[in-house]
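Chemist: First the structure, then my questions, so here it is.
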Amino acid sequence: MKKYWKYVSRYKIYFILGPLCMIIESMGEIVLPYLTADIINVGTVNGDIPYIIQAGLKMAGISLIMLCAGIAGSWFAINGASRLAADLRKDVFARIQKFSFSNIDKFSTGALITRITNDITQIQSFTQTMLRTTFRAPIMLIGSMVMAVVMSGQLAGVIGIVVPVLTALTYILILIASPRYTVMQSKLDALNSDTQQTITNIRVIKSFVSEQYEKEKFGGINDELTEKSTHALKVMIWLRPISRLAINITVIAVLWIGGNHVTTGEIALGTLTAFIGYLNQILNSLNTLANVLLRASRASASDKRLAQVMNETIDLTDDEAAFPDKQVESGDIEFKNVTFRYFKHNREKVLDNISFSVRSGQTVGIIGSTGSGKTTLTSLIPRLYDADEGEVLVDGVNVKDYSLYNLRESVSMVLQVNTLFSGSVEENLQWGNENATLDEIKEACRIARADEFIETFEGGYSHMIEQGGRNLSGGQRQRLCIARALLKKPKILILDDSTSAVDTATEAMIREGLKTALPDATKIIIAQRITSVIGADIIIVIDEGKIDSMGNNSELMINSLPYREIYYSQMGDNKEERNG
Ligand code: ADP
C-alpha cells in the first residue's frame, strides 16, 4: 500500500476534501431522523404549526447542505481516483517499456494489457468507493447506533443481535468470493492474450481458413471466463437479499415491540419512526461497508498482479556501465566464448561457446538452419539479451559497459518481419532518425531500392501507410525498413533475413548500395539464400548454437561440409562452373 502514498500525496486536495464532504453529508443523515422525531413528537402531536414550519425549514437547510456536500464529495472522489489511476497507468507503462526481452518473455502480452487496463480500473473503482464511503459508512453506522440507543435502549437490543450476525455473514461471503475473483482475473488474462494474438494474426488465420478453429478456441476461453465470473459473482448475489431480509425482519421486530410501547405510552410515535430510520441507516451502512470490503478484495488481487510488474527485477540495465558516456566509434565486434540460454534453469544452450571477431567495415554472413541460433547471436550485440557466460565486445569494450542508449543508437537491426506504423512514408522513415531531412530520406530509400516504388505512390513520400504496413507488399515493407535502419547511420547494421521477400537481383543491388553507403559500418547479414552471403568477408556457419565453420566462400567450399551442402542444394545448376 506504501506505493500508493506518492499518488495520494500528489492529489491530497481530492483525498482530503472528498472524505470531508462525505463526513458533512453523513452528519446530516444522522440529524435528519432526529428532527423528524421532533416534528412528530412536538409539532404534530401538539398541532404546533409554527414549530413544524421552523423544524421543516431547518431540515430543508440541512438537506441542501447535504446535497452540495454529496455532489462535491463525489466530484472529488471521481477526480482523485481517476488521477491516481492515470498516474499509475503511466508508471506501469513506463516500467514495461524498461523491461528487457527476457522480462517481457515472462509475461504474455495479454497479461500485460489486462494489468494496464482492467487491474488499474479495479484499483480506480476501489479508490473512488473508498473516498466516498471510508468515513461516511462508519460515521453513519456508529452515529446511527448511538442515536438508536439514545432514542430507546430497549429497542436497540434488537439491533445488538442483528448487526453481529449480519457482519459475520458478510465476512464469510467475502472470504469465499476473494479467491474466486483472483481466478476470474487470470481467465481474463487468457482471454485478452488470445484476442490480441488472433486479431494481430487475422491474415494468417484467414489464409489458413482456420477461423472455425479460432472461434472454437475463443469460445472455450470465453466460456471458462464466464464460468469463473459466475462462480465468483454468485457468492455476492446473496449479500443484498440477505441484508434486505435482515432489515425487514428487524423492522418487523422493532414495529412489534415498539408498537406495543407506543400504545402503552412508553415510547412516542415520532421516536419509533426515527428509530426505524436509524435502523435502516445502520443496515445500509453495513451493506456499504461490505461493498467496500468486496471491492477491496478485488483491488487487492489486482494490486498483487500490478506488483508483479512493478517488482519484476529488470535483468538488463546500464546502471553499472563502466563508460556510460562512451560512444561506439567504429563498430568492431568480438564474441569471446559466449554461451546463452533463454531459460536459465534449462541446461540446453541456445548459443554454445561462440567466439569470433569482425573488424569495422567488414561484411559478415551468418548461415545455418532455422532455430540454429542466428538471430539470438546477433541480438546479443545491441543487448536485447545478455550473454550468460563469455563476453560480447564492441570496439574492444564489453557491451555492458556502454549506456544502453549509446550502444543501441549505434546498432540498426532489420528483421524479417518488421513493424511499420500508420502514418506517411516520410514519418515512418523518420522513426529511424527524427531529424532526417527529405533529401537524406530519399538517399536512404535509393540505397534500399525503395525509391522506385515510393515514386509510383500517389503523394510519393506523403503516401499514407496503414497500420503494420498492410497496404504494402512484403518486399516493399522490407525495403522501407532497411531505409529506416540506414537513416540511423549505424556503426553496426544487422539484416536478419530482411531481404527474404526481395528478388535476388534487387537484393544484390541493395548489398552493393550498402557497401558504398556504409563503407565503415560492420554489416551482418543473416540469410537463408547463399547468394545473400556469398560475397561476405566472413561467413559463419551455425549449427545447433555452435560455430560449425567460419571463413570466406572459397575457404568454406574447401573446409565446410555443411556449407558445401547448402551451396549445392541452392546453386546446384552452377555446381560445375562454381567448382571450376
Ligand atoms: P534462428 O535465427 O537460427 O532461426 P533463433 O536464434 O531465432 O534461431 O532461435 C534459436 C533457438 O532459441 C530456437 O530453438 C528457438 O526456439 C529459441 N528461441 C528463440 N527466441 C526465443 C525466446 N524469446 N524465448 C525462448 N526461446 C527462444
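The values are calculated or read from the model by the stated rules, or taken from the named source; none is laboratory data. If you're wondering where the values come from, they're calculated on a predicted model, not measured in any experiment. We place every Cβ from the backbone using ideal geometry, glycine too, and count neighbours over all the protein chains shown. Keep in mind that these areas ignore ligands, DNA and RNA; they rest on the heavy atoms of the full protein, side chains included. Shrake-Rupley method; radii C 1.70, N 1.55, O 1.52, S 1.80 Å.
Chemist: Determine which member of the set Thr516, Thr531, Thr506 is more than 25 Å from Thr376 (Cβ to Cβ) and open to solvent by less than 80 Å² (accessible area, probe 1.4 Å).
Modeler: Thr506
Chemist: Could you identify the single residue in Ala274, Ala307 that is at pLDDT below 90 and open to solvent by less than 50 Å² (accessible area, probe 1.4 Å)?
Modeler: Only one candidate qualifies: Ala274.
Chemist: Same structure again: For region 495-545, which positions are hydroxyl-bearing (Ser, Thr, Tyr), within 30 Å of Lys349 (Cβ to Cβ) and more than 16 Å from the ligand (Cβ to nearest atom)?
Modeler: Matches in region 495-545: Thr522 only.
Chemist: Also: So, of the residues in region 340-364 that are closer than 11 Å to Ile542 by Cβ and in a strand (DSSP E or B), which turns out to be farthest from the ligand (Cβ to nearest atom)?
Modeler: Phe356
Residue-by-condition table, conditions (1) away from the ligand (no atom under 16 Å from the Cβ); (2) surrounded by fewer than 19 Cβ atoms within 10 Å (Cβ to Cβ); (3) in a helix (DSSP H, G or I); (4) among the aliphatic types (A, V, I, L, M):
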residue: Asp91; (1), (2), (3), (4): yes, yes, yes, no
residue: Ala94; (1), (2), (3), (4): yes, yes, yes, yes
residue: Asn103; (1), (2), (3), (4): no, yes, yes, no
residue: Thr129; (1), (2), (3), (4): yes, no, yes, no
residue: Gly160; (1), (2), (3), (4): yes, yes, yes, no
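Chemist: Hey, another quick one. Within region 402-437, can you find the residues that are assigned to a strand (DSSP E or B) and of a type in the set (Ser, Thr, Tyr)?
Modeler: Of everything in region 402-437, those that are assigned to a strand (DSSP E or B) and of a type in the set (Ser, Thr, Tyr) turn out to be Ser412, Ser424.
Chemist: With within 14 Å of the ligand (Cβ to nearest atom) and open to solvent by less than 30 Å² (accessible area, probe 1.4 Å) as the only criterion, which of Leu407, Leu377, Leu393, Leu415 stands out?
Modeler: Leu377
Chemist: Does region 430-453 include one or more residues that are without any contact (Cβ under 8 Å) to a residue 12 or more places away in the chain, under 28 Å from the mean Cα position of the chain (by Cα) and surrounded by fewer than 17 Cβ atoms within 10 Å (Cβ to Cβ)?
Modeler: Yes, the conditions are met somewhere in region 430-453.
Condition check ((1) in contact with a Lys or Arg (Cβ under 9 Å, 6 or more places away or on another chain); (2) modelled with pLDDT under 85) across all residues:
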| position | (1), (2) |
| --- | --- |
| Thr170 | no, yes |
| Ser178 | yes, yes |
| Thr182 | yes, yes |
| Thr200 | no, yes |
| Val204 | no, yes |
| Lys217 | no, no |
| Ala232 | yes, no |
| Ile242 | no, yes |
| Thr250 | no, no |
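Chemist: Taking the criterion of being assigned to a loop (DSSP other than H, G, I, E, B), buried (at least 18 other Cβ atoms within 10 Å of the Cβ) and among the β-branched types (Val, Ile, Thr), would at least one residue in region 474-491 satisfy it?
Modeler: Scanning region 474-491, I find no residue that is assigned to a loop (DSSP other than H, G, I, E, B), buried (at least 18 other Cβ atoms within 10 Å of the Cβ) and among the β-branched types (Val, Ile, Thr), so the answer is no.
Chemist: Which of the residues that make up region 438-453 are assigned to a loop (DSSP other than H, G, I, E, B) and over 23 Å from Arg408 (Cβ atoms)?
Modeler: Those that are assigned to a loop (DSSP other than H, G, I, E, B) and over 23 Å from Arg408 (Cβ atoms): Arg449, Ala450.
Chemist: Quickly run through region 1-18 and pick out the residues that are of a type in the set (Val, Ile, Thr) and open to solvent by less than 80 Å² (accessible area, probe 1.4 Å).
Modeler: Val8
Chemist: Pick out the one residue from Ile199, Ile252 that is more than 27 Å from the chain's Cα centre (by Cα) and loosely packed, with under 15 Cβ neighbours inside 10 Å.
Modeler: Ile252
Chemist: When you check Thr363 against the structure, is it among the polar types (S, T, N, Q) and in contact with a Phe, Trp or Tyr (Cβ under 9 Å, 6 or more places away or on another chain), yes or no?
Modeler: For Thr363, the condition - among the polar types (S, T, N, Q) and in contact with a Phe, Trp or Tyr (Cβ under 9 Å, 6 or more places away or on another chain) - is not met.
Chemist: For region 534-553, indicate whether the set of residues that are in contact with a Phe, Trp or Tyr (Cβ under 8 Å, 6 or more places away or on another chain), among the hydroxyl-bearing types (Ser, Thr, Tyr) and either open to solvent by 60 Å² or more (accessible area, probe 1.4 Å) or free of Cβ contacts under 8 Å to residues at least 40 places away in the same chain (or both) is non-empty.
Modeler: yes
Chemist: Ok, one more. Within the set of pairs 6 or more residues apart or between chains, which connect a residue that is crowded, with 17+ Cβ neighbours inside 10 Å inside region 50-76 to a residue that is acidic (Asp, Glu) with Cβ atoms less than 6 Å apart?
Modeler: Between residues of region 50-76 that are crowded, with 17+ Cβ neighbours inside 10 Å and residues that are acidic (Asp, Glu), the close pairs are Ala55/Asp38; Met66/Glu25; Ala69/Glu25; Gly70/Glu25.
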